[in-house]
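I have placed the structure first, in the form of structure tokens, so that the comments after it can refer back to it.
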Protein chains: 2
Amino acid sequence: MNKANLFTPLPDAFDGEVFETLLRRSDMRVERIVSHGQSSPDGFWYEQSEGEWVLVLAGEAELGFENGSAVRLGAGDYIELPPGCKHRVNWTCPDAPTIWLAVFYLP
Amino acid sequence: MNKANLFTPLPDAFDGEVFETLLRRSDMRVERIVSHGQSSPDGFWYEQSEGEWVLVLAGEAELGFENGSAVRLGAGDYIELPPGCKHRVNWTCPDAPTIWLAVFYLP
């Protein structure tokens, strides 16, 4: 059995977020996302047919929602984004990588 | 949207491993497992019909496999255990909690 590590090696995400699929099955997948100061473009919303369970493991981020609310996520914080839940990344920490672990699943 | 934290509060697992389901769908689930020095009983093997993708976020552990091999897992290490893969927990760190994040999925 082969192991790998979520933190090492870590891609440089300064010039753009880096998405990597760690596990993929027909009805779910696990992704690592590394951000470094990025946020969603003005007016952009993620609106996914899949559900997403997302955990921040390092760094810090803020998600925004259509009703104007926002949730700040630090290390260890996780949140469930139901299918169709419009959301955006308002902010990620500019000083260090933010490492996300996202589990996507069919509704 | 409500967030929660994987590290806080952390249950005391000194007297036994603590399993908590963080997300459950019909064909997958996400679990937090906290160990504190436990290992599988002699001769015991996990043999699951589900696949398991498991990540160690704190502490340290060793998994053992039927062919006699073993894999040591520290913070950030993850491994995929295919459905039916016989495995056991040989050891977890006795000095601090070991926090696992496990994603189980149907084959």
Residues located in the range A:58-75, provided they are touching a Leu at 6+ places or on another chain (Cβ under 8 Å) and either more than 7 Å from chain B (Cβ to nearest Cβ) or not in a strand (DSSP E or B) (or both): A:GLU60, A:ALA61, A:GLU62, A:LEU63, A:ALA70, A:ALA75
Matching residues in the range B:55-80 - criterion: being within 16 Å of B:ALA13 (Cβ to Cβ) and aliphatic (A, V, I, L, M): B:VAL56, B:LEU57, B:ALA58, B:ALA61
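Is it the case that A:ARG29 is modelled with pLDDT of 95 or more and more than 15 Å from the chain's Cα centre (by Cα)?
Spelling it out, it is not the case that A:ARG29 is modelled with pLDDT of 95 or more and more than 15 Å from the chain's Cα centre (by Cα).
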Every pair of residues 6+ apart whose Cβ atoms lie under 6 Å, when the first sits in the range A:19-40 and is closer than 11 Å to A:PRO97 by Cβ and more than 10 Å from chain B (Cβ to nearest Cβ) while the second is among the β-branched types (Val, Ile, Thr) and open to solvent by 20 Å² or more (accessible area, probe 1.4 Å): A:VAL34/A:VAL18
Those residues of the range A:1-55 which are assigned to a strand (DSSP E or B), of a type in the set (D, E, K, R), out of contact with any Ser or Thr (no Cβ under 7 Å at 6 or more places or on another chain) and surrounded by fewer than 18 Cβ atoms within 10 Å (Cβ to Cβ), in sequence order: A:LYS3, A:GLU20, A:ARG24, A:ARG25
Matching residues in the range A:1-18 - criterion: being more than 12 Å from every other protein chain (Cβ to nearest Cβ) and not aromatic (Phe, Trp, Tyr): A:PRO11, A:ASP12, A:ALA13, A:ASP15, A:GLY16, A:GLU17, A:VAL18
Qualifying residue in the range B:76-87 (condition: among the hydrophobic types (A, V, I, L, M, F, W, C) and assigned to a strand (DSSP E or B)): yes
Test: A:CYS93 is at the interface with chain B (Cβ under 8 Å from one of its Cβ atoms) and more than 17 Å from A:VAL30 (Cα to Cα): no
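The values are calculated or read from the model by the stated rules, or taken from the named source; none is laboratory data. It should be emphasised that the depicted structure is a prediction, and the values quoted were computed from it without experimental measurement. Note that we place each Cβ from the backbone using ideal geometry, even for glycine, and neighbour counts take in every protein chain shown. These area figures cover heavy atoms from the full protein model, side chains too; ligands, DNA and RNA do not enter into them. Shrake-Rupley method; radii C 1.70, N 1.55, O 1.52, S 1.80 Å.
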